[in-house]
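So the structure is just underneath, and the comments pick up after that.
The values are calculated or read from the model by the stated rules, or taken from the named source; none is laboratory data. This is a predicted model, so every value here is computed, not measured. All Cβ positions, glycine included, derive from the backbone under ideal geometry; neighbour counts span all protein chains shown. These accessible areas exclude ligands, DNA and RNA; they are computed on the full protein's heavy atoms, side chains included. Shrake-Rupley method; radii C 1.70, N 1.55, O 1.52, S 1.80 Å.
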Amino acid sequence: GRETDPDAVIAPMSGTLTKLMTESGRKVAGGDVLAIVEAMKMQLELRAPRDGVVAEVVVQAGAQVKNRQLLLRLKPKE
């Protein structure tokens, strides 16, 4: 499932997606900050798990997200 999906970027805890810094089709490098979730007054930076291309973004900035919710996914490695 999502827990083991190496291409998925998931919310580490429930909160608000305050910033989204990428979009579908964009190339990213491993470690790039792709989104910021604010939870319990903390800003949590969500980073690309590896170099790749964003396949889909499933949430919009300002959205409430749940713990372990899928936020975006990279295209599978070829």
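For this structure, a couple of remarks:
- Test result for ILE36, within 9 Å of the chain's Cα centre (by Cα), among the β-branched types (Val, Ile, Thr) and over 12 Å from LEU72 (Cβ atoms): yes
- Scanning the range 20-33 for residues being of a type outside the set (Val, Ile, Thr) and either open to solvent by less than 10 Å² (accessible area, probe 1.4 Å) or over 11 Å from the mean Cα position of the chain (by Cα) (or both) gives a total of 7.
- Across the range 34-66, the qualifying residues are those that are in a loop (DSSP other than H, G, I, E, B) and more than 12 Å from VAL9 (Cα to Cα), and the one among them that is most open to solvent (accessible area, probe 1.4 Å) is LYS41.
- The conditions of being assigned to a loop (DSSP other than H, G, I, E, B), in contact with a Lys or Arg (Cβ under 6 Å, 6 or more places away or on another chain) and of a type outside the set (A, V, I, L, M) are met by GLY31.
- Of all residues in the range 2-28, those that are at negative phi and in a loop (DSSP other than H, G, I, E, B) total 12.
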